[in-house]
Amino acid sequence: MKKIGEYRQLLNVDKTVELKELKTIYRNSMKECHPDKFQGDEAGLKAAEDKSKAVIEAYHFLVSINPETIKQGQPEYNETIATATVTDYSYENIRLKVTFSNGSSYEYISVPKATYIKMVNADSPARFAKRHIFNAFPYRKLTNQE
């Protein structure tokens, strides 16, 4: 959740921002820090490149966890967690990445390490995740390799 807060602060938005407004804020932020504005100024160019990369990363992440985006993907997500099996999972920095047999991958954010350890030690990690993770933590879709 710390990263989400940093992204929101970078774009100066709150958690209730709508997708349309987020897109406008993103475009305006990119206009301000676009590297093309700093040709001939090496220090400014480097700072602009770093800032624009951060703005792009923040925008894409915030779009992926926005309630409107989640709502659009909800039927597919429900189908995936109900019918597909867990084929792989990994954990890093309070983020749990789960890959399903249909090729979809989702990232669950702010999963405590203790919860992940309980999942790994469970008789059925997939069943544990279904009961304690899939509908309990914010998530975003990463890929669909179908």
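The values are calculated or read from the model by the stated rules, or taken from the named source; none is laboratory data. Since the structure is predicted, the reported quantities are computational estimates derived from the model, not experimental observations. Positions of Cβ are backbone-derived with ideal geometry, glycine not excepted, and every protein chain shown enters the neighbour counts. Accessible surface areas use protein heavy atoms only, side chains included; no ligands, DNA or RNA. Shrake-Rupley method; radii C 1.70, N 1.55, O 1.52, S 1.80 Å.
For region 41-87, the set of residues classified as open to solvent by 60 Å² or more (accessible area, probe 1.4 Å), in contact with a helix residue (DSSP H, G or I) (Cβ under 6 Å, 6 or more places away or on another chain) and either assigned to a strand (DSSP E or B) or within 16 Å of Ile25 (Cα to Cα) (or both) consists of Lys51 only. Within region 24-48, residues that are within 22 Å of His60 (Cα to Cα) sit with their Cβ atoms under 6 Å from residues that are among the small types (Gly, Ala, Ser) and surrounded by 12 or more Cβ atoms within 10 Å (Cβ to Cβ), at 6+ positions apart or across chains, in these pairs: Cys33/Ala48; Cys33/Ser52; Pro35/Ala48. If you go through region 96-115 and keep only what is open to solvent by 60 Å² or more (accessible area, probe 1.4 Å) and under 14 Å from the mean Cα position of the chain (by Cα), you end up with just Lys97. Based on this model, can you work out whether Ile81 counts as among the hydrophobic types (A, V, I, L, M, F, W, C), out of contact with any Ser or Thr (no Cβ under 8 Å at 6 or more places or on another chain) and free of Cβ contacts under 8 Å to residues at least 12 places away in the same chain? Here the answer is no, as Ile81 does not meet what is asked.
Taken as a whole, the condition of being touching a helix residue (DSSP H, G or I) at 6+ places or on another chain (Cβ under 6 Å) and without any contact (Cβ under 8 Å) to a residue 40 or more places away in the chain does not apply to Tyr106.
Looking across region 5-40, the residues that are among the polar types (S, T, N, Q), within 25 Å of the chain's Cα centre (by Cα) and open to solvent by 40 Å² or more (accessible area, probe 1.4 Å) come down to Gln9, Asn12, Thr16, Thr24, Asn28. Annotation note: of Lys118, Lys141, Lys130, the sole residue that is in contact (Cβ under 8 Å) with a residue 60 or more places away in the chain, basic (Lys, Arg) and either surrounded by fewer than 18 Cβ atoms within 10 Å (Cβ to Cβ) or closer than 30 Å to Asn28 by Cα (or both) is Lys141.
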